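The values are calculated or read from the model by the stated rules, or taken from the named source; none is laboratory data. The shown structure was predicted, so the numbers you read here are calculated from the model rather than taken from an experiment. Note that we place each Cβ from the backbone using ideal geometry, even for glycine, and neighbour counts take in every protein chain shown. Please note that ligands, DNA and RNA were not included when accessible areas were found on the heavy atoms of the full protein model with its side chains. Shrake-Rupley method; radii C 1.70, N 1.55, O 1.52, S 1.80 Å.
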Amino acid sequence: MTDALIAGVGMTRFESESTRSVVGLAALAAERAVADSPHAWDDIASLHVGNALAEALGTRAGIANALAAALGIEGVAADRVENTSATGASACHRGVDAVERGAGVALVVGVEKMSVAETSTVTGAIGRLVHDREYEQGLTLPSFGGLAAGAYLDRHDAPREALAAVARKNHRNAVDNEFAQFRREVTLDEALDSPVVADPLRLYDCCPMTDGAAALVVAHEDAAPSAGDDAGSSDDADRSPPDLVRVASTAGATGTHAVADRPDPLDLESVRTAGERAFDGAGLGPDDVDVACIHDAFTVLELLELEELGFYDSGTAWEATLDGETALDGALPVNPGGGLKARGHPLGATGVSQIVELVWQLRGDLPPERRVPDAETGFAINVAGFGNNSVCTVLTA
Amino acid sequence: MSDATSTDGAVDRFDESVAVDRAFRCTDCGRRWYYQRRRCPDCSGTDATTYALETGVLVAVTSVETTPPDVRSPNRLGLARFDGVQLIAQLADEVLSVGDAVEFAGAYRLRDEQERSRPRLSAVDGDSE
């Protein structure tokens, strides 16, 4: 258990092309999170900005300082956190650490604006995260996804529908999520007939490129809200003020950098290790989890991660998915906000948006058609590269 | 390619000029690996020799349609298990599938931006049909 509470959350809509700047997106999410919390701007001691690509795409360096100024909170300690596609969860981890150390309030903001550059520039920047030897061979993240998906289907004698079912579920969950990039259902046939990206993965097996931001106010349990004029949303009659969600644990782990260095192509050791550390830290196990946000950058990853984390035995997550067990009304709702696939994947914001989604679920803020009933424990995993680094967060109501 | 990497012997195991068809063996504990690292993942030893990879078996294959601008499309790739190590490399032959025996052969530009040519994984004679 940590001493950190998630005292407020907010995000922007995730979309293919935002009219806002990268700092503008971050500021909007931050303002929503602070307004959602009982805290005032003056309470904030530190700012942790998760951003993966702004420098690489040439739009902004020193983003944490730019955001502190935009928000008018100069004086806070500020830093930027980068961990490729797990940047958001790492920024949250940093914020929790700061709060545990300093007993104050931290503002965590994840943001990415991927539409500023040509698609090939963005994929090129992302492509450099692979091992140099793998880069030489022309490998991209979808290449690893294709190899793993082929091996998964072969080994477990699973049909391609097993992958498409993940996309169908996550798209369905996004329909009622006003913050999601793709609010439309896809059928199994649409997914199965979409263009091949890396055989057997098709377009609908892969997450999109996205603009968006998400933010958290992380507060020490002893940090009393100040009485400032801008302090929090007591206008929300449905929530009693202390209805705050606790960060039970947050934990990360690295795996091999080169994907082929793993003894088995379906191993995601970083996922397993980070999950074990997070569950140990929380004093909980997979059976305690009521709702999960799983890093579905590719459909096959949702299946592999559910198995590595102990939610399902090896080779069984695909059948559970086809049977509806991971649907919103299933035994273990997975990615109720649409996941990376349909909510979208703005690299630096994704991990933070997973926490935002879990907080909404645990507080019961969402309308019935989007809510996991009576959820008390939430689990999120955000993964960098193809398992290079995983960061898990466990939240309890 | 430097002389040090063309024969078995002590090398700088982070030397990027090590040929793609060679792997590393820890001098202290015998652990083998393919992707350059400065110390053994098992014993943290820093002395290693290289050895030639001869015949491997394909464990997974994919054909990537959406490739970077300087990479062929489709880019056929195989994850192959060799003596003691695994690696992912481009496939030379379209007919290769899981379970086929492969070896490094030929000289290809793997990416247009690269100056050097490298071997690709190719069917071991008689095993590709």
- Task: Compute the relative contact order of region B:56-123 as a whole-number percentage, counting only Cα pairs closer than 8 Å that sit 6 or more residues apart in sequence.
- Result: 31
- Chain-alone versus full-assembly comparison, region A:256-289, residues with accessible loss of at least 20 Å² (1.4 Å probe): A:260, A:261, A:263, A:265
- Task: Under a 10 Å cutoff between Cα atoms, tell me which one of A:338, A:88, A:75 has the largest fluctuation in the Gaussian network model of chain A.
- Result: A:75
- Item | A:204, B:51, ranked by accessible area, largest first (probe 1.4 Å) | A:204, B:51
- Message: Within 15 Å, Cβ to Cβ, of residue A:335, how many net charges do the neighbouring residues add up to if Lys/Arg are +1 and Asp/Glu are -1?
- Response: -2
- Task: Indicate the gyration tensor shape class of region A:303-383 (rounded, prolate or oblate), computed on the Cα atoms with a ≥ b ≥ c the square roots of the eigenvalues: a/c under 1.5 is rounded; otherwise a/b larger than b/c is prolate and the rest oblate.
- Result: oblate
- Message: With just the Cα atoms defining each centre, how far is region A:18-33 from region B:60-126? Give it in Å.
- Response: 44
- Task: Taking a probe of 1.4 Å and counting only protein heavy atoms, give the total accessible area buried between chains B and A in Å², rounded to the nearest 100.
- Result: 2500
- Got a number for the accessible area of residue A:100? Probe 1.4 Å, square angstrom, nearest 10. 80
- Under a Cβ-Cβ cut-off of 15 Å, what is the net charge of the residues other than residue A:83 that fall near it, where Lys and Arg count +1 and Asp and Glu count -1? -2
- Could you check how much of the accessible area of the protein assembly as shown is carbon and sulfur, as a whole percent, using a 1.4 Å probe? 44
- Item | Inter-label distance, nm, simple model (7 Å from Cα along the C-beta direction), residue A:224/residue A:280 | 3.8
- Two pseudo-spin positions, 7 Å from Cα along C-beta at residue A:313 and at residue A:188, lie apart in nanometres by 2.4
- Item | Distance-filtered residues of region A:322-350 - backbone nitrogen under 20 Å, label point 7 angstrom along residue A:178 Cα→Cβ | A:336-339, A:342-344
- Accessible surface of residue A:314 - all protein chains present, 1.4 Å probe, nearest 10 Å²: 90
- Indicate the residues belonging to region A:131-147 that lose 20 Å² or more of solvent-accessible heavy-atom surface (probe 1.4 Å) upon moving from the chain alone to the assembly of all protein chains, ignoring ligands and nucleic acids. A:131, A:132, A:133, A:135, A:136, A:137, A:138, A:139, A:140, A:143, A:147
- Could you grab the relative contact order for chain A? Cα pairs under 8 Å, six or more apart, rounded to a whole percent. 27
- Note on the structure: With DSSP loop assignment and no more than 10 other C-beta atoms within 10 Å, the GluC sites (Glu not before Pro) in region A:177-215 are A:178
- Task: Decide, for region A:248-364, between rounded, prolate and oblate: order the square roots of the alpha carbon gyration tensor eigenvalues as a ≥ b ≥ c, take rounded if a/c falls under 1.5, and otherwise choose prolate if a/b is larger than b/c, else oblate.
- Result: rounded
